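The structure appears right after this line, and notes come after that.
Here, each number is a calculation from the coordinates, and none is a lab measurement. A quick note: this is a predicted structure, and the numbers were derived from the prediction, not measured. Positions of Cβ are generated from backbone atoms using ideal geometry, with glycine treated the same way; all protein chains shown enter the neighbour counts.
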Amino acid sequence: MPRPTAAQLAYGSATVIVSTIAMLLLSQTSTGLGVAVISAAALALGLLVALTAPVPRRRGRHAARTGAAAPTASAAGATQDARVPDPRTASAEHPVHH
């Protein structure tokens, strides 16, 4: 099972805190059982939000590709060439003044 990302932890935690406060204020409960039920519901809601938050996809060379979504060799070469900067020579970076 993959570890949760920082965004998933933040979304889940914020959901638990905000939903607990909102439900306690709206229900105006003062019993221990009511607070426990609201806390459990808020925790379940926060877990649901954290698990359904979008997970970033890997972009590296080793990212898994499906057969239909994999780019062709010419398209992959074109995008690779577009990302590689032109090599600079030493004279272009540090001009020599004589």
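Yes/no per residue for (1) surrounded by 15 or more Cβ atoms within 10 Å (Cβ to Cβ); (2) under 20 Å from the mean Cα position of the chain (by Cα); (3) of a type in the set (Phe, Trp, Tyr):
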{"site": "10", "(1), (2), (3)": "no, yes, no"}
{"site": "13", "(1), (2), (3)": "no, yes, no"}
{"site": "22", "(1), (2), (3)": "no, no, no"}
{"site": "28", "(1), (2), (3)": "no, no, no"}
{"site": "35", "(1), (2), (3)": "yes, no, no"}
{"site": "53", "(1), (2), (3)": "yes, yes, no"}
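The residues of the range 18-34 that are touching a residue at least 12 places away in the same chain (Cβ under 8 Å) and of a type in the set (A, V, I, L, M, F, W, C), listed by number, are 23, 24.
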